[in-house]
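Since the structure comes first, as C-alpha cells, the remarks are kept for the end.
The values are calculated or read from the model by the stated rules, or taken from the named source; none is laboratory data. The structure presented is a predicted model; accordingly, all values stated were derived computationally and were not measured. Backbone-built Cβ (ideal geometry, glycine too); neighbour counts: all protein chains shown.
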Amino acid sequence: MALIIVAVLAGCRDIYVKPADSEMHLADFEATWNRVNALYPFLEMKGIDWDAMYGVYKQRTMDAHGDEFLQVMCDLLGELKDGHTYLQLNGGDRIYPWYPDREQKDRHLYNPFVVRGYFDMELLVNDSRSAEYGITADNIGYVFLSNFHEGYYQSEFAGIMSYLQNTRGLVIDIRQKRGGSLQNVQAVVAHFSETPIAMPKLIILDEDIPLEPVQPRSPVYFPKPVMVLVNGSTFSAGEVCTEILKQLPYVTVIGDTTGGGGVVSSGDPPDARAEYKLPSGNKIYIGTGYFEKYDGEPFEWSGIVPDVIIQNKPEELEQGIDRQLSLAMETIRFLTKNGKK
C-alpha cells in the first residue's frame, strides 16, 4: 500500500526529489509560467509582474541541479501569494508554498479539547467524521464542521440539524477549515432560511457563471439565534458558507477576519480545471476562477470581517477558555433570556 504524505509547509527546503535532466526542468518551468500567465485571475489585482518573473526563474531553472529545482518551483508558485496554490509530486506529496498571514496567526488559536470542556457529555461525531456536535446543559446547540469535502453534508447534515433543532440557539464552528465543495456549503445553509438564498457571484475564465439560489431544505428550518465562529484559518468553502450565512437575519458572525482564499476550480470547460499535469508528471494547482462577496469584492486576500471581532488568547486557551465560543454562547443566552429570536 502506498503511503501518501501531505506536506504543509511555508517553504520547500526539506523535500527531495529524484534528479531530473535540465530539459525536463525547463519544460516544467515553461508549462507552469504559461499556465499562470494564461489563466490565473489575480495577477493584476495583486500587482504581480509575471513577465518580469520569467527571466529570473528561467535562469534559476537552468542553474538548478536535481532537487534544487523543487525549490525554484516553490518560489515561483509562492510569488502568487495564494493559499490554494500547490505543487503535487509524483509520489503524492502536496506542497503549499504560501499561507496567509492570518492563517498562520490563528492556526493554533482553536483547541478542540478546550471546546469539549464546555459540554457535560461527549460530543457526537457523524458517520464520515466530518462534524462534531452536541448540546450544552442549558440547551445551546453546537456543531463543528471539519471540512466541506466529498458529499458528507449533503447526506448527513440534515440528521445533525434534526438532533439540534429544539435547542434555544446554535453555534456553527467553522474555524480551522480548508476548502471543499459548493454542494456541501449549500447543504448547510439550506436549513437557515424559509426562502431561496442567492449565491455569491462566481466567475470562471472571466465569465459570470449563473448559480441557482439555495433552496430551503425541509423538514428542519432553524429560525433561532445562530452564531458562526470564524478565524484566520477559515478558508475557501468555509468562507463562502460564512458569507452566505452572514446575510441571514438570525445569524451573527463572531471571531476574527477569515484567511481570504477565493480561487476555484471547475471541470467545465476542461481548461477551467485548476489541477494541471506538468511534463514531468508532477501537478500544480492554479485557480482559474473566483467567488465575489455580495458587495462585489473578491474573497481573495480580503476575507470576511466578522460582525463581532474577538480574538482568542493562547494563555486563556491553556486555562480552558475559548473567548470566541464563550461570547457566542453568552450572546445566545442573552437573546433567548430576553425573549428575542
Picking from E156, E103, E150, which residue would you name as being closer than 30 Å to A31 by Cα, part of a helix (DSSP H, G or I) and of a type outside the set (G, A, S)? E103
Given the conditions (1) in contact with a Leu (Cβ under 8 Å, 6 or more places away or on another chain); (2) without any contact (Cβ under 8 Å) to a residue 60 or more places away in the chain; (3) of a type in the set (S, T, N, Q); (4) not assigned by TED's automatic domain parsing to the domain that holds I203, every one holds for Q59 apart from (1)
Which of the residues spanning segment 117-143 are outside any loop (DSSP other than H, G, I, E, B) and closer than 25 Å to K337 by Cβ? Y133, G134, I135, G141, Y142, V143
List every residue pair whose Cβ atoms lie under 6 Å apart, where the two residues are 6 or more positions apart in sequence or sit on different chains, the first residue falls within segment 236-248 and is surrounded by 22 or more Cβ atoms within 10 Å (Cβ to Cβ), and the second residue, located anywhere, is part of a helix (DSSP H, G or I). A237/V185; V240/V185; C241/V185; C241/V188; I244/V189; L245/V189
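Can Y294 be described as of a type in the set (S, T, Y) and surrounded by fewer than 18 Cβ atoms within 10 Å (Cβ to Cβ)?
Working: of a type in the set (S, T, Y): yes; surrounded by fewer than 18 Cβ atoms within 10 Å (Cβ to Cβ): yes.
Answer is yes for this residue.
Residue-by-condition table, conditions (1) within 30 Å of F157 (Cα to Cα); (2) at pLDDT 95 or above; (3) among the hydroxyl-bearing types (S, T, Y):
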site: G66; (1), (2), (3): no, no, no
site: L76; (1), (2), (3): no, yes, no
site: R94; (1), (2), (3): yes, no, no
site: L109; (1), (2), (3): yes, yes, no
site: V114; (1), (2), (3): yes, yes, no
site: Y118; (1), (2), (3): yes, yes, yes
site: D138; (1), (2), (3): yes, yes, no
Failed condition for S146, given (1) under 19 Å from V226 (Cα atoms); (2) modelled with pLDDT of 95 or more: (2)
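I need the full set of residues from segment 314-326 which are in a helix (DSSP H, G or I) and surrounded by fewer than 17 Cβ atoms within 10 Å (Cβ to Cβ), in order please. Let's see the steps before the verdict.
We begin by selecting, within segment 314-326, every residue in a helix (DSSP H, G or I); these are 314-318, 323-326.
Matches in segment 314-326: P314, E315, E316, E318, R323, S326.
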So S128 passes all but one of these: (1) within 30 Å of R217 (Cβ to Cβ); (2) touching a Gly at 6+ places or on another chain (Cβ under 7 Å); (3) polar (S, T, N, Q). Which condition number does it fail? (2)
Any residue at all in segment 129-141 that's buried (at least 16 other Cβ atoms within 10 Å of the Cβ), closer than 15 Å to A328 by Cβ and in contact (Cβ under 8 Å) with a residue 60 or more places away in the chain? yes
Scan segment 1-41 for residues that are surrounded by 13 or more Cβ atoms within 10 Å (Cβ to Cβ), at pLDDT below 50 and under 30 Å from P298 (Cβ atoms) and jot them down. A7, L9, G11
If V226 meets every condition in (1) surrounded by 13 or more Cβ atoms within 10 Å (Cβ to Cβ); (2) under 20 Å from G180 (Cα atoms) apart from one, which number is that one? (2)
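I need the full set of residues from segment 164-211 which are of a type in the set (V, I, T), surrounded by 23 or more Cβ atoms within 10 Å (Cβ to Cβ) and in contact with a Gly (Cβ under 8 Å, 6 or more places away or on another chain), in order please.
Those that are of a type in the set (V, I, T), surrounded by 23 or more Cβ atoms within 10 Å (Cβ to Cβ) and in contact with a Gly (Cβ under 8 Å, 6 or more places away or on another chain): V171, I174.
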Just for strands (runs of 3 or more DSSP E) wholly inside segment 196-292: which have at least 3 residues that are hydrophobic (A, V, I, L, M, F, W, C)? 201-204, 226-230, 251-255
Does at least one position in segment 83-91 carry a residue that is of a type in the set (G, A, S) and either surrounded by 15 or more Cβ atoms within 10 Å (Cβ to Cβ) or more than 25 Å from G281 (Cβ to Cβ) (or both)? yes
Output the number of residues of segment 66-124 satisfying the condition of being in contact (Cβ under 8 Å) with a residue 60 or more places away in the chain, in the same structural domain as I310 (by TED's automatic domain parsing) and more than 21 Å from the chain's Cα centre (by Cα). 3
Considering every residue within segment 69-77, establish whether at least one is farther than 13 Å from L278 by Cβ and outside any helix (DSSP H, G or I). no
Assuming L80 fulfils every condition listed in (1) assigned to a helix (DSSP H, G or I); (2) crowded, with 19+ Cβ neighbours inside 10 Å apart from one, which condition is it? (1)
